[in-house]
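Here is the structure we will look at, set down as structure tokens.
The values are calculated or read from the model by the stated rules, or taken from the named source; none is laboratory data. The structure presented is a predicted model; accordingly, all values stated were derived computationally and were not measured. Cβ sites come from the backbone with ideal geometry, for glycine too, and all protein chains shown count toward neighbours.
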Amino acid sequence: MTALQKKFPVVEVDLEKLRHNIDEVVKRCNEKDIMVAGVVKGFNGIVEATRQFQESNCSFIASSRLEHLEEAKNAGMQGPFMVLRVPMLSEIPDLVKFADISLNSELEVIKEINKECVQQEKEHSILLMADLGDLREGFWDKETLVETAVFIESNLDNVTLAGIGTNLGCYGSINPTVENMNQLIEIAELIEAKIGRQLSIISGGGTTSLPLVLDGTMPERINHLRIGEGISLGKDLQDLWGVDMSYLYPDVFTVKAEIIELKNKPSYPIGEIFVDCFGNKGEYIDRGIRKRALLGLGKLDFAMSDMLIPRKKGIEVLGGSSDHLIVDIEECTDQLAVGDILEFDVRYATMMYLTASKYVRIACV
């Protein structure tokens, strides 16, 4: 515990705007009979923000990190809690303790979950993951997936097969389509024919699958999505997919950083250019002497400077080092001074890194 009276940098979270975004997305999904697992991983499970999901009509609170679910549970939230990353064998005791449902792709792990459930006198639900081409987690061989489903249904008393799911767009950049959603449904129906009952969940992916819901093309049997960025920011769908997300607040998260140096300097480095502190060779444009500001925030906190978006006009992010953000303010008409605070919007990556940094204060407003 630090005794520092830290004010900046800070990430401010507007809880009212976040709740608005949750309600708007969940309403649109529920109108199509689709449950929403609200994913809190992107902002690292900030408890006050997670509570907005708990108090909404989200069907699950979801994260890939058990720590986020533990914090929510310790804060009195009831879930149900969903784990998104397929479990490690070493974390199964904690998985059973803190989660109600998880995504799985290894029968060995599922058997161990069942054993741990017996020890803890609990039950646990699972979704079997199908890899439809994005090449992250999931069964590639569909016959093996069906056989695994039958084994779980017939042999494991403390693990319930709730359904199946897929992930698209996180590694292989594969776009969710009606075609690959129908592939998932076909696999579900093969399982249902073998086990003699209908699966309760067919989870069609995450934020990248939301456009199919919004344009009315999502196949009917897809009844579950795992949505994070599409709620907390909504910028990727707007900017990359061209989906109208104007009903959401894009500024739920605000980064505030303090100017620590303000000077006129050349825009092109002087001397023999080699590599920066991360081993990368930068690209620079000679624009003459320009006014620039140095801020007390660095790549240690946000990793990707090009995903910080200045709110004030006339400010351009040039780059950064571990502990500094460098911005061009030549075109800014405001009279800035050392000690002034600049505000930035974030994208998914910078939201994730900033809210994980112990050097950045979090303030829920």
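A compact table of results
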read-out	value
Qualifying residue in region 53-62 (condition: of a type in the set (Val, Ile, Thr) and in contact with a Gly (Cβ under 7 Å, 6 or more places away or on another chain))	yes
Check on residue 18, in contact with a helix residue (DSSP H, G or I) (Cβ under 9 Å, 6 or more places away or on another chain), crowded, with 19+ Cβ neighbours inside 10 Å, under 27 Å from residue 200 (Cα atoms) and not hydroxyl-bearing (Ser, Thr, Tyr)	no
Unmet requirement for residue 76, which otherwise passes all of (1) of a type outside the set (Asp, Glu); (2) assigned by TED's automatic domain parsing to the domain that holds residue 232; (3) in a loop (DSSP other than H, G, I, E, B); (4) in contact with a strand residue (DSSP E or B) (Cβ under 9 Å, 6 or more places away or on another chain)	(4)
Condition check for residue 222: touching a strand residue (DSSP E or B) at 6+ places or on another chain (Cβ under 6 Å) and within 28 Å of residue 8 (Cβ to Cβ)	no
Region 101-126 residues that are without any contact (Cβ under 8 Å) to a residue 12 or more places away in the chain, paired with ones that are of a type in the set (Ser, Thr, Tyr) and assigned to a loop (DSSP other than H, G, I, E, B) (beta carbon under 8 Å, 6 or more apart)	none
Exclusive hit being in contact with a helix residue (DSSP H, G or I) (Cβ under 8 Å, 6 or more places away or on another chain) and among the hydrophobic types (A, V, I, L, M, F, W, C), set 336, 342, 354	354
Qualifying residue in region 24-34 (condition: outside the structural domain of residue 127 (by TED's automatic domain parsing), more than 23 Å from residue 302 (Cα to Cα) and not in a helix (DSSP H, G or I))	no
Filter pass, residue 86 being under 24 Å from residue 204 (Cβ atoms), touching a residue at least 12 places away in the same chain (Cβ under 8 Å), in contact with a Cys (Cβ under 8 Å, 6 or more places away or on another chain) and among the β-branched types (Val, Ile, Thr)	no
Filter result (exposed (fewer than 12 other Cβ atoms within 10 Å of the Cβ) and in contact (Cβ under 8 Å) with a residue 40 or more places away in the chain) within region 288-342	322, 337, 339
Subset of region 268-326 that is at pLDDT 95 or above and of a type in the set (Val, Ile, Thr) - its residue that is nearest to residue 355 (Cα to Cα)	309
